[in-house]
């Protein structure tokens, strides 16, 4: 599991829409049964490298024109993800145009 924080220079509603689009571009589908207005949960099915993964994105207005995002990753049936989770979180933040550390 990994957790990466970022800030995107967009209002909360625009950042939410951009996150939906970016996750879809990266192959993740919104899990509408989980999350809520400020928490989005995206899942990706199994692949040759993974039994499936999940990105949980918490969004909060940092200012009227900026949104803070916290991306938490989880892999199914994996003891150690070898850094895949952190890379997936960074790719999502990069795709929405967020600045982030780590």
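The values are calculated or read from the model by the stated rules, or taken from the named source; none is laboratory data. Owing to the predicted nature of the structure, the values given are computational and were not obtained by experimental measurement. Please note: Cβ atoms are built from the backbone with ideal geometry, for glycine as well, and neighbour counts cover all protein chains shown.
Going through segment 1-23 one residue at a time, which ones are exposed (fewer than 14 other Cβ atoms within 10 Å of the Cβ) and in contact with a strand residue (DSSP E or B) (Cβ under 8 Å, 6 or more places away or on another chain)? Passing the criteria: only 1.
A single member of 68, 74, 62 is outside any helix (DSSP H, G or I), modelled with pLDDT under 95 and over 10 Å from the mean Cα position of the chain (by Cα), and it is 74.
Summed over segment 30-59, the residues that are at pLDDT below 95, exposed (fewer than 15 other Cβ atoms within 10 Å of the Cβ) and within 13 Å of the chain's Cα centre (by Cα) give a count of 2. Only a single item in (1) at positive phi; (2) at pLDDT 95 or above is not met by residue 83, and it is number (2).
Kindly establish whether residue 93 is in contact with a helix residue (DSSP H, G or I) (Cβ under 7 Å, 6 or more places away or on another chain), surrounded by 17 or more Cβ atoms within 10 Å (Cβ to Cβ) and at pLDDT 70 or above. In short, no.
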